[in-house]
Amino acid sequence: MSRILVTGGAGFIGSNFVRMVLSEHPETFLVNLDSLTYAGNLENLAGFLDHANHKFVKGDICDGQLVEKIIDDEGIDTIVNFAAESHVDRSITGAKIFIETNVIGTLSLLEAARGKGLERFVQVSTDEVYGSLGAEGKFTERTLLSPNSPYSASKAAADHLVGAFGRTWGLKYNITRCSNNYGPYQFPEKLIPLMINNALKDKELPVYGDGLYVRDWLYVYDHCTAIWRVIEKAQPGEIYNAGGCNEKPNMEVVNLILDRLGKPKSLIKHVKDRPGHDRRYAIDAGKIMSELGWRPSVTFEEGINKTIDWYLDNADWLGHVVSGDYQKYYDSMYADR
Ligand code: NAD
Ligand code: DAU
């Protein structure tokens, strides 16, 4: 039985990964280490928290002693590091926690993992480390790293550390870099759930700048299957991009959400742009497709319909998530835009 330490498994992608693994890979035991920041939520694990093959530990990846104890006591053979501060706008207003979690936290995991003979350390990174594209071209695994936001700079630093531990200490690692995820359990600070939440409440939809910034959307389940393929099949030391082949300008996504919810376009408000806003991301996922046989399972149209249905069916989850500090966050981020 494979024994995996998943970090950040109460967040958006991590919790979807935990669900997928527990549902589809019964030969796997997961220890889920998460410090439960504003983005971590045990409700994201509903129905799986007490699963026989799942153990949740509330703790910080920066706590190297705790990580080492988990690796030893639980006989961990693989680490998948999702834990991070993940929101670009928050990194612009306060970068320090991004360095602490994304850089120091990853270093702490690497130090704890070094010398333990792990089968694999998988670093869940992002296409944002490559920077921004013009109208043409796609990111490949050979594209130079050129991060523009404090968030992407912290993720790039972590990627370099992971590679350095591989080359210096022989740590068997992989790095995955994927495009924008969407789907169930995403915190409504990110574009799609924020727009769904606002539209449902007939609130303004704040589109940054001209709204013609392009993202490549990947349904979260498909990102999880990409990571699983890497765990199962990748050679150590390889980097894999994963993308949905769904390049869309933000305005198209927002209009689609309004149409699906039967809400008027007059809710759209163009607001002050994000500083250093990356114009376009696009992924060449040829390597993971040809080497590991991975494919996204849904089109954007299918994925966005499933996502909107999920938010409509899970009004309680959304209600809990936007209670408390969420309104304070929203006002601080959007009041002056
Ligand atoms: P998220 O913000 O939803 O979840 C992050 C999780 O990490 C939360 O559960 C949080 O409690 C936990 N966490 C934060 N700091 C921690 C710490 N110090 N110790 C332990 N746990 C901690 O993020 P997400 O969107 O699910 O992203 C997961 C990973 O995937 C991140 O590494 C992110 O950089 C990467 N990624 C995200 C996307 C995307 O579109 N969301 C795309 C590409 C890559
Ligand atoms: O590309 C992968 C990255 O995707 C991940 O590494 C990050 O963790 C994840 O947050 C995401 O980053 P983005 O900055 O692309 O995602 P976000 O949802 O914040 O924004 C998507 C686009 O929508 C971007 O062009 C900014 C715009 N936007 C966003 C918000 C929150 C708006 O126009 N209005 C908004 O209110």
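The values are calculated or read from the model by the stated rules, or taken from the named source; none is laboratory data. Here the structure is a predicted model, which means the values were calculated and not measured. Using ideal geometry, Cβ is built from the backbone for each residue, glycine included, and neighbour counts are taken over all protein chains shown. All accessible areas refer to the heavy atoms of the entire protein, side chains included, with ligands and DNA or RNA removed. Shrake-Rupley method; radii C 1.70, N 1.55, O 1.52, S 1.80 Å.
Values as computed for the structure displayed
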{"quantity": "Positions within segment 1-33 being closer than 24 Å to Glu85 by Cβ and either part of a loop (DSSP other than H, G, I, E, B) or within 16 Å of ligand 2 (Cβ to nearest atom) (or both), in sequence order", "calculated": "Thr7, Gly8, Gly9, Ala10, Gly11, Phe12, Ile13, Gly14, Ser15, Asn16, Phe17"}
{"quantity": "Residue within segment 97-109 that is under 22 Å from the mean Cα position of the chain (by Cα), near ligand 1 (Cβ under 9 Å from one of its atoms) and either under 24 Å from Ile283 (Cα atoms) or at pLDDT below 95 (or both) present", "calculated": "yes"}
{"quantity": "Residue in segment 149-162 that is farther than 20 Å from Gly286 by Cα, within 15 Å of ligand 2 (Cβ to nearest atom), acidic (Asp, Glu) and in contact (Cβ under 8 Å) with a residue 24 or more places away in the chain present", "calculated": "yes"}
{"quantity": "Meets criteria (within 22 Å of Arg90 (Cα to Cα), among the basic types (Lys, Arg) and within 16 Å of ligand 1 (Cβ to nearest atom)) for Arg279", "calculated": "no"}
{"quantity": "Conditions (1) part of a helix (DSSP H, G or I); (2) touching a Pro at 6+ places or on another chain (Cβ under 7 Å); (3) near ligand 2 (Cβ under 9 Å from one of its atoms); number of the one not met by Met195", "calculated": "(2)"}
{"quantity": "Conditions (1) open to solvent by 10 Å² or more (accessible area, probe 1.4 Å); (2) more than 21 Å from Tyr329 (Cβ to Cβ); (3) of a type outside the set (Val, Ile, Thr); number of the one not met by Tyr151", "calculated": "(2)"}
{"quantity": "Filter result for Glu252 (surrounded by fewer than 21 Cβ atoms within 10 Å (Cβ to Cβ), at pLDDT 95 or above, within 12 Å of ligand 2 (Cβ to nearest atom) and of a type in the set (Asp, Glu))", "calculated": "yes"}
{"quantity": "Matching residues in segment 95-137 - criterion: being over 23 Å from Arg215 (Cβ atoms), part of a loop (DSSP other than H, G, I, E, B) and either within 16 Å of ligand 2 (Cβ to nearest atom) or not hydrophobic (A, V, I, L, M, F, W, C) (or both)", "calculated": "Arg114, Gly115, Lys116, Gly117, Glu119"}
{"quantity": "Hits in segment 213-270 - residues which are among the aromatic types (Phe, Trp, Tyr), in contact with a Gly (Cβ under 7 Å, 6 or more places away or on another chain) and not in a strand (DSSP E or B)", "calculated": "Tyr221"}
{"quantity": "First in segment 222-245 and under 21 Å from Tyr130 (Cα atoms) and of a type in the set (Ser, Thr, Tyr), second anywhere and open to solvent by 20 Å² or more (accessible area, probe 1.4 Å) and not in a loop (DSSP other than H, G, I, E, B), Cβ under 7 Å, 6 or more apart", "calculated": "Tyr240/Lys287"}
